[in-house]
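Structure record follows, encoded as structure tokens.
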Amino acid sequence: MYGERWFITPYNPRIQNMKTTIEAGDILDRDGRLLLYTKGGERKYIDNKDRRISVAHIIGDGYGLTYGAQTFFAKYLFGFDKGSIERISDLLSGQERKGSDITLTIDAKLSAKAKDALGDSEGAVVVMNYETGEILASVSSPSFDPADMSMFLEGGGESELVNRAFVGLYPPGSIFKLITAAALLNNDMADFETECDGSTKIEEELITCWDEHGDIDLEDAIEHSCNVYFAEASIELGARAIEAEANRFLFNKELLFDDVVMGESVFEIADSDVNGAWAAIGQYHDLITPLHACMIAGSIANDGVMMEPKLLLEVSDGTRQTYELSPRVAARPMDDTEQLKEMMITVVQSGTGTGAAIDGYVVGGKTGTAEVFGEEENAAHAWFIGFVDDTDHPLAIAIIMEKTGSGGANAAPAARKVLMKALDIGY
């Protein structure tokens, strides 16, 4: 595993050297659209600029500045997946060696819609098939144009090259309440109730809520995203119980998967009850990547089974298919997610996530408004994670819009646009 990771790193000079002796294979999206190909001896990117920029972080650049498919799947693109006999035959034939063509799981049309849904905000969108783990769209903003890397080669730019969807670590805010809720369910504390009058004092520090919810139970607390409920529940649960639940959902784990490089999401045991309360509502030192957030939403929809994220659909050497995607389970964080799933559906039907509702479909979700400490007043990231509860359309989504405020007002409607496009295409 680690040897292969070195082979595919952008810092491996062998990849750059191979470009002078081997014609790299084509990269296509799942619908057969050419995303990167060779013409007249030159590598060409998809002509449609909106689609090209929307898939840029997935495709990567030709200079090794990013960690996209050009680097990650180089062993296929340059024919190193072929057996030694095949490579000797290629050499003896006198013809220029050509690598294999790869088809990715992403859809370029859906990716462009996801980029459009982000608007002018920085952030990320990930859409997955929660039954197979296939990544149908993954967009990071700001992006770059892989057909023109001159600015970066001259030392300009930087943040545009970061794949926020895979390695961007963000405070999860209220989407983390799903983990705290799972801890309550798994520790026989689903009947915990309290009263929300707009705030609660823990160790002389006031934790405020966006509304006064009165007497409130777990279902209502998820529906209305009550800070007071989850802060007080954290005291009853204890930090270790929440940490154990977070770890079951793959926090604090080095996530080494075949097709993607991900950042490590973080849940840290707090040094006090009040910081533990903040952690239980997705603040304190909590961090998560959008891809991981999408996997969590998908696992709740998928009866507690979290699938490994997949980006490579198939590989062909021109005469035969040499690789085909095989779904793999990443974790089984819960034995029974039915209650939590129903709570998320209520969020979209009548709670903070109504902006994500789609006529004719059952959508579940959780909004989040994550405070960004050290930033200007009222700076907050808007989150929505969710799913379509339909075996014919097993879609999970995570969207974060940086410093745009309310997740319900901003991220949920944006998620709706992306999911509607995915459903329209037929996913």
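The values are calculated or read from the model by the stated rules, or taken from the named source; none is laboratory data. Because the structure is a prediction, the values reported are computed rather than measured. Ideal geometry is used to build each Cβ from the backbone, glycine not excepted, and the neighbour counts take in all protein chains shown. Heads up: the accessible areas ignore ligands, DNA and RNA and are worked out on the full protein's heavy atoms, side chains in. Shrake-Rupley method; radii C 1.70, N 1.55, O 1.52, S 1.80 Å.
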For the pair Asp191 and Ile425, what calculated FRET efficiency results from E = 1/(1 + (r/R0)^6), where r is the Cβ-Cβ distance and R0 = 45 Å, to the nearest 0.05? 0.60
Using a 1.4 Å probe and ignoring any ligands, DNA or RNA, find the accessible area of Tyr323 and quote it in Å² to the nearest 10. 60 Å²
Cleavage-rule hits (GluC sites (Glu not before Pro)) in the stretch 244-336: DSSP loop, at most 12 neighbouring Cβ within 10 angstrom: Glu254
Taking 30 Å as R0, compute the FRET efficiency from the Cβ-Cβ separation of Asp50 and Met151 and round it to 0.05. 0.95
First compute the accessible area of the chain with a 1.4 Å probe, then give the percent of it belonging to carbon and sulfur atoms. 44 percent
Under a Gaussian network model of the chain whose springs join Cα atoms within less than 10 Å, the largest fluctuation of Gly318, Gly60, Gly156 belongs to Gly156
Please compute the length gained on full extension between Asn252 and Thr208, using 0.36 nm multiplied by the number of residues separating them and subtracting their Cα-Cα distance. 13.1 nm
Using unit Cβ charges (K, R positive; D, E negative) and no other charged atoms, how large, in debye to the nearest 20, is the dipole of the chain about its Cα centre? 2660 debye
Sorted list, accessible surface of protein heavy atoms, 1.4 Å probe, largest first, for Tyr284, Tyr361 is Tyr361, Tyr284
Accessible area expressed per residue, the chain, with surrounding protein chains retained (probe 1.4 Å, Å²): 41 Å²
Among the listed pairs Lys109/Lys253; Lys49/Lys421; Lys44/Lys253, which are separated by more than 29 Å between their Cα atoms? Lys109/Lys253; Lys44/Lys253
Measure off 7 Å from each Cα along the Cα-to-Cβ vector at Thr322 and Thr38, then give the distance between these two points in nanometres to one decimal. 1.4 nm
Could you tell me which residue out of Gly318, Gln339, Gly198 lies farthest along the dipole of the chain toward its positive end? Charges go on the beta carbon: Lys and Arg +1, Asp and Glu -1, centred on the Cα centre. Gly318
Length gain on complete extension for the stretch Asp120 to Arg240, per 0.36 nm per residue less the alpha carbon to alpha carbon distance? 39.2 nm
Considering only the chain, percent of DSSP beta bridges that pair antiparallel, nearest 5: 90 percent
Angle check, please: helix 227-237 long axis (alpha carbons) against the longest principal axis of the chain (alpha carbons), in degrees 0 to 90, nearest 10. 90 degrees
So, relative contact order of the stretch 109-219 in percent, Cα under 8 Å, 6 or more apart, is 16 percent
In cubic angstrom, how much convex hull volume per residue do the alpha carbon atoms of the chain span? 141 Å³
With every protein chain left in place and a probe of 1.4 Å, what is the accessible surface of Thr354, to the nearest 10 Å²? 70 Å²
Using a Gaussian network model of the chain whose springs link C-alpha atoms within less than 10 Å, name the residue from Ser54, Ser159, Ser111 with the highest mean-square fluctuation. Ser159
Report D for the stretch 240-305 in µm² per second (integer): Stokes-Einstein, Kirkwood Rh on Cα pairs, 4 °C, 1.567 mPa s. 102 µm²/s
Expressed as a rounded percentage, what relative contact order does the chain have, with Cα pairs under 8 Å and six or more residues apart? 16 percent
